[in-house]
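No value in this document is a laboratory result; all are computed from the given coordinates. Keep in mind that this is a model prediction, so the values were computed, not measured. Virtual Cβ from ideal backbone geometry, glycine too; neighbours counted across all protein chains shown.
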Amino acid sequence: MTIKAVVFDLDGTLAEFNLDYKNVRAEVIKFLINQGFPASIFTIKESIFEMLKKAQVYMRNNGGKEQEFSTIQKHIFSIASKHELKAARETSLLPGVFEMLKALKKMNLRLAIFTINSKKSTDYILNSFRLKQFFDVIATRETVAKVKPDPSHLAATLKALNVNADEVIVVGDSIVDMRSAKALNAAAVGLAINSYAEKKLNYAGATHIIESITDLPTLIAKLGK
């Protein structure tokens, strides 16, 4: 396998990002209800992106305008960004990440991040831990029309890297990362902290599993032979 690039998830893969998702979702639901949306169509268990899809459909079915939806989306992202930046200030880097990235750059690999987080919180984390220097592309939610698991998020990242799907390895700790890679037939490395996580990642399309991010350079060297 000819490997030219590695695309990373951020949360749980490179950094421990302790975002209070329930609090974010609760505030978003409160805002949507105040905007006239029925509370019954939203649930605290779904992501803000799923809520936005429901809000958009509701507006289309009730004569809403695209411009009005755009304003609502910006406000929701603003709510999320506020919480994300707070979490970013309290985040920690996973052990060995800095050394791992140095090793990959020595292998002349292009590196990228694709994350559903905002540019502001992502930049804060990367700058705080001096990681930004390693990445050629950073694809946050602001840079794409649809975020993962929609394959267009990863596709846009690969286009920016100027590589094909069969030349890249996608690394993440969640099933949406694995599904994104599988949709484009890209190799997917799942970071699994236990056997249960490994099972979920394999089911979602992981082609390889590592227990620590520090195992990645060795795996890539092996795959490149």
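In terms of surrounding Cβ atoms within a 10 Å radius of their Cβ, V170, V176 rank from fewest to most as V176, V170.
Coupling constants for region 90-101 follow from the phi torsions by the Karplus curve (6.51 cos²θ - 1.76 cosθ + 1.60, θ = phi - 60°), and in residue order they are 10, 7, 9, 7, 5, x, x, 4, 4, 5, 4, 5 Hz; glycine and proline get x. If you bin all the Cα-Cα distances of region 10-100 at 10 Å, starting from zero, the percentages per bin are 15, 41, 24, 14, 5, 0.
The GluC sites (Glu not before Pro) of region 85-177 meeting both criteria, a DSSP state outside H, G, I, E and B (loop) and at most 13 other C-beta atoms within 10 angstrom of the site's C-beta, are E90. Loop-resident trypsin sites (Lys or Arg not before Pro) (DSSP state other than H, G, I, E or B) in region 35-137 with no more than 12 further Cβ atoms inside 10 Å of their Cβ: K45, K65, R89, R130. A helix-only calculation puts the chain at -15000 deg cm²/dmol for mean residue ellipticity at 222 nm, using -39500 (n - 2.57) for each DSSP H run of at least four residues, averaged over all residues.
Between K30 and T218, full extension at 0.36 nm per residue minus the direct alpha carbon distance yields a gain of 62.9 nm. Annotation: amide H of I209 within the under-5 Å range of G190, sequence separation 5 or more or interchain, hydrogens built in the peptide plane.
May I ask you to derive the relative contact order of region 21-88, considering only C-alpha pairs under 8 Å and at least 6 residues apart, and to give it as an integer percent? Normalised by residue count, the contact order of region 21-88 is 36 percent.
Given R₀ = 30 Å, FRET efficiency for F129-N185 by Cβ-Cβ distance, to 0.05? So, using R0 = 30 Å, E works out to roughly 0.40. Rounded to the nearest 10 degrees, the angle from helix 66-88 to the longest Cα principal axis of the chain is 50 degrees. By the count of other C-beta atoms within 10 Å, a proxy for reagent exposure, D123, D11, D177 are ordered fewest to most as D123, D11, D177. Close amide H contacts of L14 (hydrogens built in the peptide plane, cut-off under 5 Å, sequence separation of 5 or more or a different chain): none are found. Computed from the alpha carbon positions, the gyration tensor of region 1-154 leads to an equivalent ellipsoid with semi-axes of 33, 17, 12 Å, biggest first. Whole-Hz Karplus values for region 27-38 come out as 5, 5, 4, 4, 4, 5, 4, 5, 8, x, 7, x Hz, taken residue by residue from phi with 6.51 cos²θ - 1.76 cosθ + 1.60 and θ = phi - 60°; glycine and proline positions read x.
With contacts taken as Cα pairs under 8 Å and at least 6 residues apart, region 1-154 reaches a relative contact order of 30 percent.
Phi-derived couplings, Karplus 6.51 cos²θ - 1.76 cosθ + 1.60 at θ = phi - 60°, listed residue by residue for region 207-218: 9, 8, 10, 10, 8, 9, 4, 6, 7, 5, x, 5 Hz, with x used for Gly and Pro.
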